[in-house]
Amino acid sequence: MKLAPLNTVQNAHDDSIWTAAWVPPADDSSEALLLTGSLDETVRLWNPEGPEKLQTNTGHCLGVVSVAAHPSGRIAASASIDSFIRVFDVATNYTIATLEAPPSEVWQLQFNPQGTTLAAAGGGSASVKLWDTAEWQLIATLSVPRPEGLKPSEKSSSKKFALSVAWSPDGKQIACGSMDGTISIFDVPRAKFLHHLEGHCMPVRSLVYSSAPLDSRVLFSASDDGHVHVYDAEGKTLVTSLSGHSSWVLSVDVSPDGAAIATGSSDKTVRLWDLKMRAATQILTSHTDQVWAVAFGPTSRTDVRSCLLASVSDDKSVSFYKYC
């Protein structure tokens, strides 16, 4: 497996690009597209062929911290530090819903695999908020508990700021990464906290469950401590820790075949990791500033063994790679 650099779009936004997500094909005649969100307050839609900018979505009045696409490929959502989530039609940019939260309470977004629920890491609220995608009503708030053993005086100062969120492949569990380095696992149908995963000592900015059918309980986490952790999310065990980045690991995503992960870091690199070898097999240096997001696209229609990877950076660029 390897990543072959394809294209880099310089000045893809007017400011730092903080987030990226692939929109799956809406039908058999369409291809996957890429959404990017930026400090310039816009969301942009890209066709990787070219690459070509298809549209620029305005509507936020502060930087966009997260974008997420619905599994249908027809709708998407963007979250901003203006405390609004905007749900929109991908093809027309029509606003379907605007979801409001208190300041600093909307960070990373993720639709569940079934497309029935939108989850948002709730920032300063120390929770994960869930909205149904039929009526766009808030249906649950999953509160992140404080770690046990803290004295009351320590509890008020412990930073339970919810930064990142990921759904398990069956949509029954949610993982939430916090500023203090802990990861909380929730049972979604019962709206119940299950347990913490520990091991990181700094903010956990990105989480993703394995895409391999036999590894659906495996969770990958990226942290400012410079490590990527591989957990058995149900067994509460740290399987391994991957080291190599020289600074914060800001993003992690897993390949569609489940054999590799990609990471983006403030050391300005994108790395490809072979999960069997438990090592980085490639270091890519197409960016000149920290890499805020990496995202694998859907499997190619013409070659089921390959797909695209996108990375975005503070250098305002979007890079595309072929994974095969």
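Annotations
- For Ser306, residues with placed amide H under 5 Å, excluding near neighbours: Ser300
- Overall form of the stretch 192-286 per C-alpha gyration tensor (a/c, 1.5; a/b vs b/c): oblate
- With protein chains left intact and a 1.4 Å probe, residues in the chain average 42 Å² of accessible area per residue.
- Full extension of the chain between Asp303 and Val239 gives 19.9 nm of extra length, using 0.36 nm per residue less the Cα-Cα distance.
- As a fraction of the 1.4 Å probe accessible area of the stretch 21-97, surface on carbon and sulfur atoms comes out at 51 percent.
- With Cα atoms defining each centre, the stretch 157-236 and the stretch 239-255 are spaced 14 Å apart in the structure.
- Put a plus charge on the Cβ of each Lys and Arg, a minus charge on the Cβ of each Asp and Glu, and nothing anywhere else: the dipole of the stretch 266-324 about its Cα centre is then about 300 debye.
- Simple Cβ-charge dipole of the chain, Lys/Arg +1 and Asp/Glu -1, about Cα centre, in debye nearest 20: 660 debye
- By average C-beta atoms within 10 angstrom, highest first, the peptides 34-46, 58-70, 273-285: 34-46, 58-70, 273-285
- Whole-Hz ³J(HN,Hα) from phi, Karplus 6.51 cos²θ - 1.76 cosθ + 1.60, for the stretch 206-217, glycine and proline x: 8, 9, 7, 7, 4, 8, 6, x, 8, 10, 5, 9
- In the stretch 282-324, the trypsin sites (Lys or Arg not before Pro) that fall in loop regions by DSSP, at most 16 other Cβ within 10 Å: Arg301, Arg305
- Among Val312, Thr141, Ala279 - extreme Cα towards positive end, dipole of the chain, charges at beta-carbon: Ala279
- Long-range amide H partners of Ser127 with built H, under 5 Å: Gly122, Val144, Ala162
- Label selected from (i) 31, 26, 18; (ii) 27, 23, 19; (iii) 53, 25, 16, the criterion being semi-axes √(5λ) of the Cα gyration tensor in Å as computed here: (ii)
- With a Förster radius of 25 Å applied to the C-beta separation of Ser246 and Gln10, the computed FRET efficiency comes to 0.55.
- Using θ = phi - 60° in the Karplus curve 6.51 cos²θ - 1.76 cosθ + 1.60, the 3J(HN,Hα) couplings for the stretch 257-265 round to 7, x, 8, 9, 10, 10, 10, x, 9 Hz; x is entered for Gly and Pro.
- Here the stretch 212-324 exposes an accessible surface that is 51 percent carbon and sulfur, computed with a 1.4 Å probe and the other protein chains kept in place.
- Other-chain or far-sequence residues with amide H under 5 Å of Ile183's (modelled H): Leu197
- A Cβ-based charge dipole, computed about the Cα centre of the stretch 168-212 with Lys and Arg at +1 and Asp and Glu at -1, lands at about 120 debye.
- Relative contact order of the chain, defined on C-alpha pairs under 8 angstrom at six or more residues apart (%): 14 percent
- Charge tally in the Cβ shell below 13 Å around Thr299, where Lys, Arg are +1 and Asp, Glu are -1, Thr299 excluded: 0
- Mean Cα-pair separation over length for the stretch 1-136, i.e. relative contact order, pairs under 8 Å, 6 or more apart, %: 15 percent
The values are calculated or read from the model by the stated rules, or taken from the named source; none is laboratory data. Note that the structure is a prediction, hence the values are computed from the model and not measured. Note: ideal-geometry Cβ built from the backbone for every residue, glycine included; neighbour counts use all protein chains shown. Keep in mind that these areas ignore ligands, DNA and RNA; they rest on the heavy atoms of the full protein, side chains included. Shrake-Rupley method; radii C 1.70, N 1.55, O 1.52, S 1.80 Å.
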